[in-house]
1. Specify which of the listed residues (MET115, MET133) is within 25 Å of PRO233 (Cβ to Cβ) and assigned to a strand (DSSP E or B).
2. If GLU230 satisfies all but one of (1) modelled with pLDDT of 95 or more; (2) open to solvent by 20 Å² or more (accessible area, probe 1.4 Å); (3) not β-branched (Val, Ile, Thr), what's the number of the condition it fails?
3. Run THR108 past the list (1) hydroxyl-bearing (Ser, Thr, Tyr); (2) surrounded by fewer than 24 Cβ atoms within 10 Å (Cβ to Cβ); (3) within 17 Å of VAL300 (Cβ to Cβ) and report the number of the one that doesn't hold.
4. Being over 22 Å from TYR224 (Cα atoms), of a type outside the set (Gly, Ala, Ser) and open to solvent by 30 Å² or more (accessible area, probe 1.4 Å) narrows it down to one of ASP40, ASP26, ASP75, so name that one.
5. Checking GLN303 against (1) open to solvent by less than 60 Å² (accessible area, probe 1.4 Å); (2) closer than 18 Å to ALA22 by Cβ; (3) touching an Asp or Glu at 6+ places or on another chain (Cβ under 9 Å): exactly one of these is not met. Which one?
6. Could you count how many residues in region 43-57 are touching a residue at least 24 places away in the same chain (Cβ under 8 Å) and either assigned to a loop (DSSP other than H, G, I, E, B) or open to solvent by 50 Å² or more (accessible area, probe 1.4 Å) (or both)?
7. Of the residues in region 151-174, how many are closer than 19 Å to PRO128 by Cα and either in a strand (DSSP E or B) or open to solvent by 40 Å² or more (accessible area, probe 1.4 Å) (or both)?
8. If the requirement is being in contact with a Phe, Trp or Tyr (Cβ under 9 Å, 6 or more places away or on another chain), open to solvent by 10 Å² or more (accessible area, probe 1.4 Å), under 29 Å from ALA22 (Cβ atoms) and of a type in the set (Asp, Glu), which of these qualifies: ASP103, ASP195, ASP177?
Amino acid sequence: MAIAFYNAQETAQLINFTDLTATLKDVVLEYADGIIQSPDRQALTIPDAREGVLLSMPSTARDICVHKLISLLPDNPSQERATIQGIVSVMDSRTGQVVCVLDGPTVTARRTAAMSILGVQQYLPRAPKTIVMIGAGGQAQAHIEAINEIFPGVHLYIAARSASLTKAQAVCQRYQDLSISMEAIDIDKLPGEFDVLITLTTALAPIYHLPAKVERLIVAVGAYRPHMCEIAPETVLASRCFVDDIVGAKHEAGDFIQAGKDWSQVQTLAHSIRHGQEEGTPILFKTVGTAAWDLAAARVAFQRLQGGAC
């Protein structure tokens with residue numbers, strides 16, 4: 001049986017953000033209940049590659065099984081290659097047959113952006129009008145497309161340090177035809193009021209120092225290693241904190257680790273979906289990712305393929 005391989009563009013076409021966000025919400029609960037299995041990812045260093053790693057991330061559910069195998073090579077951008085390379089294999093759980101192979105970086109980017117959107121839907125009591133996004137790298141594209149699809153009409157600020165402002169301006173120019181409006185701004189000149197902050201960097205020191213505010217949701221996506229940090233410790237400690245995956249967060253959520261956040265005071269997204277959350281306190285939602293979220297994206301693609309898409 002021939003196996004269908006889908007490139008980046010084809011994978012994106014199979015996984016729209018509206019369906020992915022809804023599916024992701026279901027998968028979050030299935031994962032919390034143990035219906036979906038998603039063990040800690042296995043990481044192997046790549047010889048002779050500066051901080052290069054190979055990541056193996058499997059996940060199983062009643063309908064499909066997935067295995068994401070990707071490499072992370074920090075030196076790739078200097079050679080005009082993407083940092084993340086790899087594939088997501090999708091199998092039918094009933095037969096064990098490989099259904100298709102999806103583009104790994106696209107699945108990763110889209111499920112990560114969809115998790116940010118799900119966080120906004122869960123933790124912001126109103127539709128956002130203004131969003132500040134710090135970072136104009138690889139994750140920015142998927143987040144822009146997700147915001148455009150789910151929150152059309154939003155004004156999106158792309159914040160960057162003055163040295164990188166040209167890059168942020170180029171991103172805004174590239175997406176000028178979307179339904180959202182976009183504006184590049186200096187990270188030291190953030191607007192006085194905005195509804196959501198999304199951070200997408202690999203910063204080693206805090207880049208966001210504003211006080212925690214009830215009216216403003218923080219979605220921290222970057223800082224995926226314990227020595228990394230995007231959000232100032234005082235902001236973290238003054239916020240009610242939630243995570244997408246508590247297991248991964250305890251050894252990956254650099255913002256919480258650097259701030260010395262008490263893990264007994266950190267709740268999961270699954271708990272929030274089922275029980276809600278206390279109102280009147282500033283909220284910080286930290287995402288670290290797990291293969292279960294890749295399975296959510298693969299489920300959307302699988303269902304579309306069963307329906308004859310592509």
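The values are calculated or read from the model by the stated rules, or taken from the named source; none is laboratory data. Please read all numbers here as calculations on a predicted model, not as lab measurements. All Cβ positions, even for glycine, are placed from backbone atoms using ideal geometry, and neighbour counts span all protein chains on display. Side chains are part of the model used for accessible areas, which takes the heavy atoms of the whole protein and leaves out ligands, DNA and RNA. Shrake-Rupley method; radii C 1.70, N 1.55, O 1.52, S 1.80 Å.
1. Checking each option against the conditions leaves just MET133.
2. Evaluating GLU230 over (1) modelled with pLDDT of 95 or more; (2) open to solvent by 20 Å² or more (accessible area, probe 1.4 Å); (3) not β-branched (Val, Ile, Thr) leaves (2) as the failure.
3. For THR108, the failing item is (2).
4. ASP26
5. Just one mismatch for GLN303, condition (1).
6. 3
7. 7
8. Of the residues listed, the single one that is in contact with a Phe, Trp or Tyr (Cβ under 9 Å, 6 or more places away or on another chain), open to solvent by 10 Å² or more (accessible area, probe 1.4 Å), under 29 Å from ALA22 (Cβ atoms) and of a type in the set (Asp, Glu) is ASP103.
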